[in-house]
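For reference, the structure is listed below as C-alpha cells.
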Amino acid sequence: MTLKNPSSSTNSRPTPKSTPSRQHNTTAPFNMEAILQAQAKFRLDRGLQKITAVRNKNYKRHGPKSYVYLLNRFGFEPTKPGPYFHQHRIHQRGLAHPDFKAPVGGRVTRTKVLVKKVKEDGTVDPSGSATGEVGAEDQQNDSEYLCEVTIGTPGQKLMLDFDTGSSDLWVFSTELSKQLQENHAIFDPKKSSTFKALKDQTWQISYGDGSSASGTCGSDVVNLGGLSIKNQTIELASKLAAQFAQGTGDGLLGLAWPQINTVQTDGRPTPANTPVANMIQQDDIPSDASLFTAAFYSDRDQNAESFYTFGYIDQDLVSASGQDIAWTDVDNSQGFWMFPSTKTTINGKDISQDGNTAIADTGTTLALVSDEVCDALYKAIPGAKYDESQQGYVFPMNTDASSLPEFKVSVGNTQFVIQPEDLAFAPADDSNWYGGVQSRGSNPFDILGDVFLKSVYAIFDQGNQRFGAVPKIQAKQNLQPTQ
C-alpha cells in the first residue's frame, strides 16, 4: 500500500529542515560522460545491483478506487461530478448535560473528511441523497510494484513500496497485533544486533477518512542494491488501519525530501532523513552518484523488468533512447520532486499553462492534470466521455491504439510522449476503459504517476536537486484487458 504524508486538513506538516544536498550552478554545464564513467567505477567497486521492482501479483487495477485514493491522500477537491467529495465536520469536546445526549461547551474543531454519496441501500451513487464514510473497500489498497530491502544485522528481508511522493520509511513490526502481522514479512528489532531504539520518537501518517498508521522509531542498517546506509531511522508500525494492513507489501520506503517525514520527538516535528539523504550526508556515495533512478514497464510490455538503481544511471537505457538526458531543476520546498511543466501537446496542438508545475510520483498509478488538458485529451479520443458514476473519463474498449492521440507533457523545457496504450488504465465496465489521465481537481500541481513514468527512464538527482529523463517508449504494446 502506498502511503502519503497527511494533507493539511488532517495533520500539520512538519517545519521544513535543511535538506542534505550538493547545490549546483545551473549555468555551469555538466560533463555527463565523465559523470557516467565515475558512476560506472563506483558501481563496479561497490558491487551495486539493480533493485527489481516486482509486479505485485495481488494488485488489481481499478480506476475509481485509484482516483479516490488520490482524493484521500492529497486532499484536493474534485471539480468534476461524482459520488466522492470532501465534507467539513464539527467535532465538539465538552461535558454532557444530563438533559442532553451530546457534549456541551469545550473545544470545537472543524475537520475535512472524505465522504461518498450513497442511496438508501448504501450503494455508492452520484445521485444519492445520503453520505457515508469512505472505507478501505472504496480505495486501491495495494501498490503495483514492490522492492526487496534488507534491514538489520543479520539482514531481514522485506518487500517495500518505493514512493517518491512521501518520506517515511515504515515497516510491519513485532509491535503489531498477531492478526495484523498475518501474510507479511515482519521486522523484529530484537533479532538485529545493530538496532537502536530512538526514545521519545514517534511517527504517524493520517488520511482524510480518519485512517492512520503510527508507531515508534529506531535506527539500523539498511541495504539497497548493495549500498549500506547506517543509522537509518526505521519507523516501526504498532497501529495500522485496515486499508494499510490489507496491502501485500511489508511497508514503505519514502524517496521524497526529508522535510515531509512525519517523525516527532516529544510531540515536536523532527523529520528524519530519508535513505538517500543519509547516503549523501554520510558520504556513502560520491557527489557524482548522489541519485537514484526508476524504470517502470507496463504489464503489456514483453520481457521487460522494472527496476530502481541507487548511485548510478543505467547507461544502456540512456543510449537506447538516442537522446541526451533532459534535466530540469527541482523545487523541493513542498518536499516533492516538483518541476515546471508549462506545455501540453495533443496531436500537435499546444496547450500553454504558464506557471504550471508537476511532481514525479512513483506512489501514484494515474496521471492527474488540469481540467482543460483532460477535456482536450478525451475530445481527441472517439467515443470518450466523462462518467459521473466512475468519477472519471472513460473511452470504448474497441478503440484501436492507432486512433489514440499523441499526448505530450513537458518536463522543464522538454516534452515527453505518454505511450498511447497506457491511456487505457483499467476496465471501467464491459465496454469501456477507465482513462489513465484524470482531473487533478483543485490540486495546484499535476501529479505524474506510473502512467507517465512508464514512458520515461526517470533520474532523481537529489544531490544536485534536479530531475532528468529520457524517453522509454516500447516498440509494440496492445490494448487487450490485462488479467
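Is at least one residue of region 433-453 surrounded by fewer than 20 Cβ atoms within 10 Å (Cβ to Cβ) and outside any loop (DSSP other than H, G, I, E, B)?
Checked against the condition, which is being surrounded by fewer than 20 Cβ atoms within 10 Å (Cβ to Cβ) and outside any loop (DSSP other than H, G, I, E, B), region 433-453 yields no hits at all.
For ALA242, are the conditions met, namely being among the aliphatic types (A, V, I, L, M) and surrounded by fewer than 17 Cβ atoms within 10 Å (Cβ to Cβ)?
It is true that ALA242 is among the aliphatic types (A, V, I, L, M) and surrounded by fewer than 17 Cβ atoms within 10 Å (Cβ to Cβ).
Being surrounded by fewer than 17 Cβ atoms within 10 Å (Cβ to Cβ) and either in contact with a strand residue (DSSP E or B) (Cβ under 8 Å, 6 or more places away or on another chain) or free of Cβ contacts under 8 Å to residues at least 60 places away in the same chain (or both) is the filter; apply it to region 58-79 and report the residue that is farthest from GLY247 (Cα to Cα).
Step by step, filter region 58-79, then rank; the result is THR79.
For the condition over 27 Å from GLU77 (Cα atoms) and either at pLDDT 95 or above or not hydroxyl-bearing (Ser, Thr, Tyr) (or both), what is the one hit in GLN391, GLN474, GLN438?
GLN474
Restricting the first residue to region 164-186 and requiring it to be over 19 Å from PHE310 (Cα atoms), which pairs with a second residue that is charged (D, E, K, R) and in a loop (DSSP other than H, G, I, E, B) meet a Cβ separation below 7 Å and a spacing of at least six or different chains?
Within 7 Å, the pairs are VAL171/ASP250; PHE172/ASP250; THR174/ASP188; HIS184/ASP250; ALA185/ASP250.
Given SER167, SER193, which one is closer than 26 Å to ASP446 by Cβ, in a loop (DSSP other than H, G, I, E, B) and among the hydroxyl-bearing types (Ser, Thr, Tyr)?
Answer to the selection: SER167.
Based on this model, can you work out whether ALA185 counts as of a type outside the set (D, E, K, R), over 18 Å from LEU255 (Cβ atoms) and assigned to a strand (DSSP E or B)?
no
Please state which of the following conditions GLY322 fails to meet, knowing it meets all the rest: (1) surrounded by fewer than 14 Cβ atoms within 10 Å (Cβ to Cβ); (2) under 24 Å from ASN413 (Cβ atoms); (3) touching a residue at least 60 places away in the same chain (Cβ under 8 Å).
(3)
So, ASP200, is that one among the charged types (D, E, K, R), under 24 Å from THR52 (Cα atoms) and assigned to a strand (DSSP E or B) or not?
Against the criterion (among the charged types (D, E, K, R), under 24 Å from THR52 (Cα atoms) and assigned to a strand (DSSP E or B)), ASP200 does not qualify.
If THR328 satisfies every condition in (1) β-branched (Val, Ile, Thr); (2) surrounded by 20 or more Cβ atoms within 10 Å (Cβ to Cβ); (3) touching a residue at least 60 places away in the same chain (Cβ under 8 Å) but one, which is the exception?
(2)
Scan the strands (runs of 3 or more DSSP E) fully inside region 362-422 and keep the ones with 3 or more residues being under 24 Å from GLY82 (Cβ atoms).
Once the strands (runs of 3 or more DSSP E) in region 362-422 are filtered for at least 3 residues that are under 24 Å from GLY82 (Cβ atoms), what remains is 367-369, 385-387, 392-396.
Could you grab me the full set of residues in region 339-361 that are crowded, with 20+ Cβ neighbours inside 10 Å and of a type in the set (Val, Ile, Thr)?
Those that are crowded, with 20+ Cβ neighbours inside 10 Å and of a type in the set (Val, Ile, Thr): THR344, ILE359.
Pick out the one residue from PHE336, PHE292 that is among the aromatic types (Phe, Trp, Tyr), within 30 Å of ASP200 (Cβ to Cβ) and surrounded by 23 or more Cβ atoms within 10 Å (Cβ to Cβ).
After ruling out the rest, the residue left standing is PHE336.
Could you say which residue among ALA197, ALA136 is surrounded by fewer than 19 Cβ atoms within 10 Å (Cβ to Cβ), of a type in the set (A, V, I, L, M) and under 17 Å from VAL263 (Cβ atoms)?
ALA197
Pairs needed: first member in region 133-158, within 11 Å of ASN223 (Cβ to Cβ) and without any contact (Cβ under 8 Å) to a residue 60 or more places away in the chain; second member anywhere, crowded, with 23+ Cβ neighbours inside 10 Å and of a type outside the set (Ser, Thr, Tyr); C-beta distance under 7 Å; at least 6 residues apart or different chains.
GLN156/PHE187
Can you tell me which of ASP387, ASP288 is touching a helix residue (DSSP H, G or I) at 6+ places or on another chain (Cβ under 8 Å) and charged (D, E, K, R)?
ASP288
Return the residues of region 264-280 that are more than 28 Å from ARG43 (Cβ to Cβ) and buried (at least 24 other Cβ atoms within 10 Å of the Cβ); say none if nothing qualifies.
Passing the criteria: only PRO271.
Tell me whether region 402-412 contains one or more residues that are among the acidic types (Asp, Glu) and either touching a helix residue (DSSP H, G or I) at 6+ places or on another chain (Cβ under 7 Å) or farther than 26 Å from TRP337 by Cβ (or both).
The answer is no; no qualifying residue exists.
Look at SER173 and say whether it is of a type in the set (Ser, Thr, Tyr), modelled with pLDDT of 95 or more and under 23 Å from the mean Cα position of the chain (by Cα).
yes
What are the pairs with Cβ atoms under 7 angstrom where one residue, in region 368-382, is surrounded by fewer than 23 Cβ atoms within 10 Å (Cβ to Cβ) and the other, located anywhere, is in a helix (DSSP H, G or I) and of a type outside the set (Lys, Arg)? Sequence gap at least six, or different chains.
PRO382/SER403
Assess whether GLY335 counts as being of a type in the set (Gly, Ala, Ser) and touching a residue at least 60 places away in the same chain (Cβ under 8 Å).
Yes, satisfied.
Identify, by number, the condition in (1) farther than 30 Å from THR123 by Cα; (2) surrounded by 24 or more Cβ atoms within 10 Å (Cβ to Cβ) that ASP400 doesn't meet.
(2)
Within region 159-175, how many residues are closer than 28 Å to ASP361 by Cβ and surrounded by fewer than 21 Cβ atoms within 10 Å (Cβ to Cβ)?
Number of matching residues: 1.
The values are calculated or read from the model by the stated rules, or taken from the named source; none is laboratory data. Being a predicted model, the structure only gives us computed values, none of them experimental. In this analysis, Cβ positions are derived from the backbone assuming ideal geometry, glycine residues included, and neighbour counts consider all displayed protein chains.
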